[in-house]
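Student: Please see the structure below; I have some questions.
Throughout, read-outs are computed from the coordinates displayed, never taken from laboratory work. Values in this document were obtained by computation on a predicted structure and should not be read as measured data. No Cβ is skipped: glycine too gets one built from the backbone with ideal geometry, and neighbour counts run over all protein chains shown.
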Amino acid sequence: MPFAFDLIYNYDMIIKDYTEFEFLLKEGLIRTYDINRYNRILTDYIRGLNVNYTIKIIDKLVFYIEVFTNKKDIIENINHQSYTLGYFPSEYRVILSNGVDNYFKIIEDINTTNVSSIEIKYEAKYDDGLLTNNVICPDKLYHLTYSKNWDSIKKLGLYPKSKNRISIHPERIYLFDDLDNYPILLRNLKLSDNNQHEYILLEIDSKDYSLILHTDPNYRLGYFTYDNIPPNKIKNIEI
C-alpha cells in the first residue's frame, strides 16, 4: 500500500516537487497554466473549503465552476486560487432558489439573498506560455474604438486598458485580422454599448512591429495583446 506522501503526487498534472508548485504560485500573474493539466490544484482547494461544486472545462482558455453556496468570501477565495493559475473571473451567473438566474460582471453587485448557487466563468489571462505563444503576428491588424478616442490615439498610440464592456478582463488591446469580420464585430459592440457611441476602424501596421498575440476566449477569430502600439503604426481607415 502506498504511503500518503506517494499519493500526494499521484495527480493528473505535472507538478514534480514543492519548488515547482511555489514557482507556479508566483508566476500566476504573468502566466496561464493549462487548466486541463492543472485543474487538480483548484478542485482540491475547493474541496478543502467543504463546499459542493461542479467544474466544466471548455478548453485551455475557458472553464466554469458552479459553487453551491451564497458566501462571497468563498467565491473570492476560489477566484484568488484561479488567479494563481493565470485565470480570472469574467462573469457570474447567480441561480436563485426558485430557479431564476441573473448575470453579473463583478461580485460586489451580487445580492446573496435566496441564492442557491453561483456559476463563475473563468478566462485565461494568456493563451499559453510566459508572455509568448505560437500565434504568428499578421502584417496588418485592425481595432475598433470610439471615435472620440482618435485624437488621443494619434498622440499616444494604443495602450492596454479595460473598459469592461463585454466581460471583466485584465487590461488588453483587442484586435482582429480579417476585415470581413468587421460588420459583425461592430454590431456586437453597438449592442453591448446600447448604440451610445460612434466608432472608427483602425489599421495597424505590424509587419515590422510584431506584437505578442493571444487568442481571444470570447472571439476565437480575434486576438488580444498586452503590448503598446505606437501612433506611427496606426491609421484611421474608412470602410
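Student: Over the C-alpha atoms of the stretch 48-141, what are the Rg and the largest Cα-to-Cα span, Dmax, in Å?
Tutor: 15.6, 53
Student: How long are the three semi-axes of the equivalent ellipsoid of the stretch 140-237, in whole Å, if each is the root of 5 times an eigenvalue of the C-alpha gyration tensor, listed from largest down?
Tutor: 19, 16, 14
Student: For the stretch 184-239, run through the chymotrypsin sites (Phe, Trp or Tyr not before Pro) and keep only the ones in DSSP coil with at most 16 other Cβ atoms within 10 Å of their Cβ.
Tutor: Answer by residue number: Y209.
Student: Another one. Just want the ordering: L185, L191, L179, from fewest to most Cβ atoms lying within 10 Å of their own Cβ.
Tutor: The most exposed by this proxy come first: L191, L179, L185.
Student: Now for a different question. Counting other beta carbons within 10 Å of each residue's own, what order do H143, H214, H80 fall into, fewest first?
Tutor: If I rank by nearby Cβ atoms, fewest first, I get H80, H143, H214.
Student: Sorting Y33, Y45, Y38 on the 10 Å Cβ count, fewest up front, what's the list?
Tutor: Starting with the residue having the fewest Cβ neighbours, the order is Y45, Y38, Y33.
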